Amino acid sequence: MTSHRNERTGSGKGSNSGGQTNRGGKRGGRAGRAMNTPAETQIAGLPVAKNDEVVIEIIGMNHDGEGVGRVDGYTLFVQGGALPGEQVRVKVLKIKKQYGYAKLLEVVEASPDRVAAPCLIYDKCGGCQLQHLSYEGQLAWKRQHVVDALERIGKLNVTDEESSNRGIVVLPTLGMSEPWRYRNKAQVPIGVTEGGLVGGFYARGSHRIIDMETCLIQHESNDDVVARVKAIGRRVGITAYNEETGQGLLRHVVVKVGFRTGEMMLVLVTNGNKIPRENEWINAIREEIPAVVSVCQNVNTRQTNVIFGDVTRVLWGKDVIYDYIGDVKFAISARSFYQVNPVQTEVLYGKTVEYAGLTGAETVIDAYCGIGTISLFLGQHAKQVYGVEIVKEAIEDARANAELNNMQHVTFEVGASEDVIPRWKEQGIEADVIVVDPPRKGCDPRLLETILEMKPERVVYVSCNPATLARDLRVLEDGGYRTVEVQPVDMFPHTVHVESVALLVRNGTDR
């Protein structure tokens, strides 16, 4: 505890990005004022100094899940789980001219949405950030996070659904009826302690591996497979990879499960080609884990934190497992990307199809098509679908998945969207709808220019980053489109991530 001179109280004013109501500065004297400002601060004119302790009101939460509060108008980002609407005591860790960082010491007055996190290692792991916020509170915050990005970054007009003006409607976040055990893929780093082989997660802020027996957002089967593989590995004397020395064999255990089919794939990522007592290990896996139909080895000898290397071989069983999204069947290989929450993926893609407004007569272009998940979903309702993706292996998977589903009217091509789509236009291909599902960095500016030149009736933007979504919507709006509606979808409950689907129509056309 610092001296009384350094314990001060502040209260914030402003919009609440967590969907909570502000409760004023009960403990802060006048709102936004500190009670005891020290004679000296580390940056002249600031109301706080490093190591000060203050009581503040949390007025929002940023995209990393940090609480946001203010002292005399000076913003503090609070680590440690402070929630909007709470009065909290914090310790200032670092200050800059415009804002500073603090850590939570005590919740003085709790939010009604604060709950006890059910995970026993929640405070150590860092894989989830919002377990201490009720699920209803999470969904409200995620919607507000999208609204804030649209208004602040995109300078776009967001309206209530009942409003008569032509602003953007941001709908309530579509959540899960059971927001646990939703991940179909586990990627577990392996290490060693005095007790032998361990696997779990990296301790926060380090690469020290903490053993973990269960993860509440993983499919139960994944937990079971990882636990059994660790036990078998200990039995047969498998060594764990050491990042510092580059020695040891087993780097990661990757498990994939088909939610609908029940099929499981196990991938052993190794630091070298040879696995000691390989047959013994495989036989034990087959005997103890009958749901596993594929055991693969991926070789990664590089000193990197990237999980996979370039070489993958099947040790036993099939080279792929299968799963479904809706009625579309997908082959999943050791390296192929596949959405980790298949339940919500169906919700997300269903909204994409709805926004595309397909009647069966349309031509659709799917930019950033990956292994063809959205393309094939759209292909159930469109006359023709063209998918483009820069990753060659993904296009190979996409073509195989199109063949698997007997969809000859879905065509895939390797390349950058901004290069391939204009070439398609020269060939006479005109798109009624363009769907984009870019990475977190958003759309390439040249792709946005291409969309504006193609002039499709509709653009459907699937986003995993509200900030880049807002930036790109601004460009499309300035180029002649109107954003009608945005639907947030909770693909990753208990984390700060939120996906969204946005519908844009060309000005002069009805929805």
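Any idea how many residues of the range 485-511 are among the hydroxyl-bearing types (Ser, Thr, Tyr) and farther than 18 Å from residue 178 by Cβ?
2
Being of a type in the set (D, E, K, R) and closer than 22 Å to residue 241 by Cα is the filter; apply it to the range 180-223 and report the residue that is nearest to the chain's Cα centre (by Cα).
Among those residues, the one meeting the criterion is 185.
Could you count how many residues in the range 113-128 are under 16 Å from residue 63 (Cβ atoms) and either among the small types (Gly, Ala, Ser) or at pLDDT 95 or above (or both)?
From the range 113-128, those under 16 Å from residue 63 (Cβ atoms) are 126, 128; that's our starting set.
Checking the rest, the ones that are also either among the small types (Gly, Ala, Ser) or at pLDDT 95 or above (or both) come to 126.
Matching residues across the range 113-128 total 1.
Is it the case, given these coordinates, that residue 297 is exposed (fewer than 15 other Cβ atoms within 10 Å of the Cβ) and not assigned by TED's automatic domain parsing to the domain that holds residue 345?
No.
Among the residues of the range 388-403, is any closer than 13 Å to residue 367 by Cβ, touching a residue at least 40 places away in the same chain (Cβ under 8 Å) and touching a strand residue (DSSP E or B) at 6+ places or on another chain (Cβ under 7 Å)?
No, because not a single residue in the range 388-403 is closer than 13 Å to residue 367 by Cβ, touching a residue at least 40 places away in the same chain (Cβ under 8 Å) and touching a strand residue (DSSP E or B) at 6+ places or on another chain (Cβ under 7 Å).
Out of 373, 359, 363, which single residue is within 26 Å of residue 445 (Cα to Cα), surrounded by fewer than 21 Cβ atoms within 10 Å (Cβ to Cβ) and not aromatic (Phe, Trp, Tyr)?
One residue alone meets the criteria, 363.
If you go through the range 219-270 one residue at a time, how many are of a type in the set (Gly, Ala, Ser) and more than 15 Å from residue 196 (Cα to Cα)?
So the answer is 4.
Which condition does residue 365 not pass, out of (1) under 20 Å from residue 293 (Cα atoms); (2) modelled with pLDDT of 95 or more, if it passes all the others?
Only one criterion in (1) under 20 Å from residue 293 (Cα atoms); (2) modelled with pLDDT of 95 or more is unmet by residue 365, namely (1).
If residue 222 passes every condition in (1) without any contact (Cβ under 8 Å) to a residue 60 or more places away in the chain; (2) touching a helix residue (DSSP H, G or I) at 6+ places or on another chain (Cβ under 8 Å) but one, which one does it miss?
Going through (1) without any contact (Cβ under 8 Å) to a residue 60 or more places away in the chain; (2) touching a helix residue (DSSP H, G or I) at 6+ places or on another chain (Cβ under 8 Å) one by one, residue 222 breaks only (2).
Run residue 313 past the list (1) surrounded by 14 or more Cβ atoms within 10 Å (Cβ to Cβ); (2) over 20 Å from residue 247 (Cβ atoms) and report the number of the one that doesn't hold.
Answer for residue 313: the failing condition is (1).
Please find, within the range 150-178, the residue that is modelled with the highest pLDDT out of those that are surrounded by 13 or more Cβ atoms within 10 Å (Cβ to Cβ) and among the hydroxyl-bearing types (Ser, Thr, Tyr).
Residue satisfying both the conditions and the ranking: 173.
Mind listing just one residue for me: the one in the range 352-364 that is part of a helix (DSSP H, G or I) and in contact (Cβ under 8 Å) with a residue 12 or more places away in the chain and, of those, nearest to the chain's Cα centre (by Cα)?
The residue in question is 352.
Quick check on this structure: which one of 338, 322, 349 is of a type in the set (Ser, Thr, Tyr) and assigned to a helix (DSSP H, G or I)? Break it down stepwise before answering.
On the way: 338 fails: assigned to a helix (DSSP H, G or I); 322 fails: assigned to a helix (DSSP H, G or I).
On inspection, the qualifying residue turns out to be 349.
Taking the range 466-492 as the search range and keeping residues that are surrounded by fewer than 23 Cβ atoms within 10 Å (Cβ to Cβ) and touching a Pro at 6+ places or on another chain (Cβ under 8 Å), which one is nearest to residue 170 (Cα to Cα)?
Per the stated criteria, the residue is 468.
Just a yes or no: is a residue in the range 227-239 small (Gly, Ala, Ser), crowded, with 19+ Cβ neighbours inside 10 Å and within 30 Å of the chain's Cα centre (by Cα)? Even if it seems obvious, please write down each step before you answer.
Step one: list which residues in the range 227-239 are small (Gly, Ala, Ser), which gives 227, 231, 233, 237.
From what's left, crowded, with 19+ Cβ neighbours inside 10 Å: 233.
Still in the running and within 30 Å of the chain's Cα centre (by Cα): none.
No, every residue in the range 227-239 fails to be small (Gly, Ala, Ser), crowded, with 19+ Cβ neighbours inside 10 Å and within 30 Å of the chain's Cα centre (by Cα).
Among the numbered conditions (1) surrounded by fewer than 19 Cβ atoms within 10 Å (Cβ to Cβ); (2) not in a loop (DSSP other than H, G, I, E, B), tell me where residue 116 comes up short.
Among (1) surrounded by fewer than 19 Cβ atoms within 10 Å (Cβ to Cβ); (2) not in a loop (DSSP other than H, G, I, E, B), residue 116 violates only (2).
Can you tell me which condition residue 429 does not meet? The list is (1) surrounded by fewer than 18 Cβ atoms within 10 Å (Cβ to Cβ); (2) among the β-branched types (Val, Ile, Thr); (3) in contact with an Asp or Glu (Cβ under 6 Å, 6 or more places away or on another chain), and all the others hold.
All conditions are met except number (3).
Which of the residues that make up the range 256-295 are among the polar types (S, T, N, Q) and over 34 Å from the mean Cα position of the chain (by Cα)?
279, 283
Does residue 101 qualify as being touching a Lys or Arg at 6+ places or on another chain (Cβ under 7 Å) and of a type in the set (Ser, Thr, Tyr)?
Yes: the conditions hold for residue 101.
The values are calculated or read from the model by the stated rules, or taken from the named source; none is laboratory data. As the structure is a computational prediction, the values presented were derived from the model and not from experiment. Every residue, glycine as well, gets a Cβ built from its backbone with ideal geometry; the counts of neighbours run over all protein chains shown.
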